[in-house]
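Data first, discussion second: the structure below is written as structure tokens.
None of the figures in this text is laboratory data; all of them are computed from the coordinates on show. Fair warning: this is a prediction, and the values are worked out from it, not measured in the lab. Cβ placement follows ideal geometry from the backbone for every residue including glycine, while neighbour counts extend to all protein chains displayed.
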DNA sequence: CCAAAAAGCTTTAACGTTAAAGCATGGTCG
DNA sequence: CGACCATGCTTTAACGTTAAAGCTTTTTGG
């Protein structure tokens with residue numbers, strides 16, 4: 001049978017004092033003689049006392065736990081984020097409940113309910129659909145949360161929501177400009193999941209760049225590839241069987257870029273000789289020899305830390321009853337040029 | 001100000017009944033008229049009632065939460081495991097607290113204490129050092145837990161611990177045999193973190209295979225590469241500057257294999273023409289064109305599901321006061337042959 | 001038609017902790 | 001020397017839920 005855990009009452013009985021005194025002793029609160037304090041602490045150690053954090057949570061109305069909603073842990077982008085967020089949270093004394101939402105809004109809602117039920121002190125959300133209505137409830141409740149790598153476009157709501165995002169528009173703009181300078185004029189865009197603000201902004205930045213440089217933004221060259229390899233493969237088929245296939249492809253994340261790469265290579269298309277390729281996120285394997293995928297690099301560790309710090313600040317404010325002004329933080333990115341976009345072949349021509 | 005959440009008492013007051021009745025109504029327990037039940041449920045909905053799971057945990061002594069200890073989420077092997085475990089746990093109605101241990105035994109201990117304090121119902125551990133003493137405490141407490149992809153060698157303790165592991169010995173044995181059949185006789189082994197049972201067993205299997213096939217198991221050709229790229233790079237330097245460098249390298253996980261690959265290519269060593277390479281885990285990117293890393297495949301999803309099922313069984317037994325016989329589950333693996341180990345070049349010669 | 005059973009509710013206590021208020025004891029100070 | 005204060009503890013109540021036992025009222029059945 002599992003050994004019954006010692007409680008504060010057991011210690012109190014053994015020490016001949018009350019539970020309150022034990023609580024005060026173990027938490028270094030004043031009002032006890034040194035002697036009594038020592039007796040209590042010794043007994044606690046002897047009994048292997050571990051405080052019941054559930055009971056403490058109940059009365060303190062603080063669980064020292066946060067929720068983390070992400071689409072899926074296995075995606076290399078998110079797996080790094082999860083690790084960094086968990087580390088940062090731990091350093092602040094918080095545990096993290098992980099929730100894989102898998103792009104299912106209903107599941108996201110359920111997770112949020114569960115987290116609220118567990119009385120988490122805050123939530124970090126990196127999974128949200130840009131029109132998610134349940135986010136509005138969190139705002140109305142003034143519940144502490146931070147959106148990471150996601151934004152919500154609800155007007156009048158935006159500035160009441162903490163967000164930590166990349167300058168996606170600018171990053172995508174630069175990607176396209178890079179292609180332009182290399183002399184490309186038939187550029188295709190493989191869009192990510194278009195319910196995510198991140199992807200919407202990347203598309204917008206890319207399209208603006210095309211237009212600003214006098215290139216056509218042919219809708220048929222802008223194809224959404226959501227989650228599957230398969231969808232990307234079909235997009236590549238469609239693109240490459242055109243009369244005038246693209247000479248450059250911008251994929252809105254590295255996972256899509258890699259799927260595209262496989263599909264291209266399978267067709268015998270050479271990268272970058274026939275088609276230049278550029279991804280987004282600079283996940284670890286983009287740098288492997290033989291992959292050499294150009295990509296857009298973001299400080300993911302900073303992203304995690306900033307998000308956690310922001311959440312902690314928000315929680316502190318709410319705890320102290322102070323008003324909190326939500327913040328919107330935008331992190332800059334950097335284009336990492338590798339062989340896949342052909343820099344080494346031609347250099348800038350304009 | 002955050003909206004105060006409605007409690008069972010608020011509903012009770014509004015419905016003119018007691019808290020017990022509300023609790024019974026909301027949890028479909030018998031002993032209430034249909035009418036009262038409806039009144040209560042309607043009011044609960046109206047007030048947006050969400051049960052306080054902390055309070056419920058306290059009295060039920062069940063948190064519907066499990067802990068998950070892994071080394072680091074960013075490792076592709078673990079990130080998939082985390083996702084699959086979380087999914088399986090959710091389907092059983094459990095939330096998951098994630099803990100990145102990063103090979104720090106002290107941190108592991110702290111995490112376990114925290115999880116016990118939070119009164120999790122069970123723990124899945126994939127991070128443990130094979131001599132971890134804190135695991136013994138869990139066993140003594142008869143606390144429900146499962147070791148995944150890890151084993152503890154403490155005699156008399158082994159059969160009291162749930163484990164879900166691969167047949168690492170056999171898998172490594174097959175890897176070396178494959179090299180042997182391809183005609184290799186100078187085979188190097190890049191060991192993983194040697195505190196992990198997984199790696200110990202892989203090394204043992206590999207060495208046994210070398211010996212069984214009359215090949216030398218030169219200690220200088222068996223090098224530990226722990227966590228860093230750097231260490232692997234140095235190992236490759238050492239191996240390739242030998243008078244008789246290896247013609248084949250078995251890396252005990254894919255992360256090491258990929259680091260080795262980079263180091264080899266940087267030296268101008270061709271794979272597999274000059275050196276054959278074989279990894280372990282068959283992480284997603286091993287299959288990318290241009291990487292084509294041979295590896296050993298395990299059913300990771302099954303691993304996750306089996307682990308969660310085993311934990312659930314254990315928890316149920318303890319809940320019902322039934323005796324539980326710990327189980328040791330061994331999953332078989334499969335060698336996935338790709339270009340990196342030269343199959344396509346020579347075929348079996350013996 | 002009355003005893004027994006069932007239905008439908010309430011009361012009480014508990015889970016383990018902490019906050020706030022209360023109460024002796026002994027010491028200090030004007 | 002009596003009012004006042006600090007020290008060191010205890011008492012009480014609370015957090016939100018549930019389990020067990022208790023108490024009416026209604027229903028059932030012999």
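Points worth noting:
- Theoretical ellipticity at 222 nm over chain B - DSSP helices of four or more residues, -39500 (n - 2.57) apiece, nearest 500: -13500 deg cm²/dmol
- Residue A:46/residue A:23 FRET efficiency (R0 22 Å; Cβ-Cβ; nearest 0.05): 0.80
- GNM top mover of A:100, A:72, A:24 - chain A, alpha-carbon springs below 10 Å: A:24
- For the Cα trace of the protein assembly as shown, dividing Rg by the Kirkwood Rh returns an Rg/Rh value of 1.01.
- The gain in end-to-end length when the residue A:167 to residue A:104 segment is fully stretched comes to 20.1 nm, 0.36 nm per residue minus the alpha carbon separation.
- Summarised as an ellipsoid, chain B has semi-axes of 52, 20, 17 Å, derived from the eigenvalues of the Cα gyration tensor scaled by 5 and square-rooted, with the largest first.
- Residue A:4 paired with residue B:211, simple spin-label distance in nm, labels 7 Å along Cα-to-beta-carbon: 5.2 nm
- Shape of region B:257-312, Cα gyration tensor, a/c cut at 1.5: prolate
- As a calculated quantity, the FRET efficiency between residue A:289 and residue B:237 at R0 = 22 Å, using C-beta atoms, amounts to about 0.85.
- Kirkwood Rh and Cα Rg combined as Rg over Rh, evaluated for region A:222-350: 1.16
- Computing FRET efficiency as 1/(1 + (r/R0)^6) for residue B:194 and residue B:336, where r is the C-beta to C-beta distance and R0 is 30 Å, gives about 0.75.
- Per residue, the convex hull spanned by the Cα atoms of region B:1-130 measures out at 154 cubic angstrom.
- Highest-fluctuation residue, B:170, B:108, B:237 considered, GNM on chain B with Cα pairs under 10 Å: B:237
- Percent RCO, i.e. relative contact order, over chain A, from Cα pairs under 8 Å lying at least 6 residues apart: 16 percent
- Antiparallel content of DSSP bridges confined to chain A, in %, to 5: 10 percent
- As a ratio to 2.2 N^0.38 Å, the alpha-carbon radius of gyration for region B:109-267 is 1.22.
- Geometric extent, Cα atoms of region B:182-222 - Rg, Dmax (angstrom): 10.4, 32
- Cβ crowding within 10 Å ranks B:150, B:160 as B:160, B:150, fewest other Cβ atoms first.
- Selected from B:19, B:260, B:217 as most flexible by GNM, with chain B as the system and alpha-carbon contacts under 10 Å: B:19
- Using 0.36 nm per residue and subtracting the Cα-Cα separation, the extra length available between residue B:226 and residue B:301 on full extension is 24.4 nm.
- Annotation: the antiparallel percentage among DSSP beta bridges lying fully within the protein assembly as shown is about 15.
- Prolate/oblate/rounded call for region B:19-62, Cα gyration tensor, a/c under 1.5 rounded: oblate
- D_trans [Stokes-Einstein, Kirkwood Rh over alpha-carbon pairs] for region A:149-243, 20 °C, 1.002 mPa s, µm² s⁻¹: 148 µm²/s
- Computed log₁₀ I(q)/I(0) - Debye formula, equal Cα scatterers, no solvent, region B:87-180, q 0.10, 0.14, 0.18, 0.23 Å⁻¹: -0.32, -0.59, -0.89, -1.26
- Whole-angstrom gap from region B:277-342 to region A:46-85, using each part's C-alpha centre: 26 Å
- Intensity falloff of region B:158-209 expressed as log10 I(q)/I(0), Debye formula with alpha-carbon point scatterers, at q = 0.15, 0.30 Å⁻¹: -0.45, -1.15
- Whole-angstrom gap from region B:162-235 to region A:219-271, using each part's C-alpha centre: 39 Å
- Within region A:94-149, all pairs of alpha-carbon atoms sorted by distance into 5 Å bins from zero give the percentages 4, 18, 35, 30, 12, 1.
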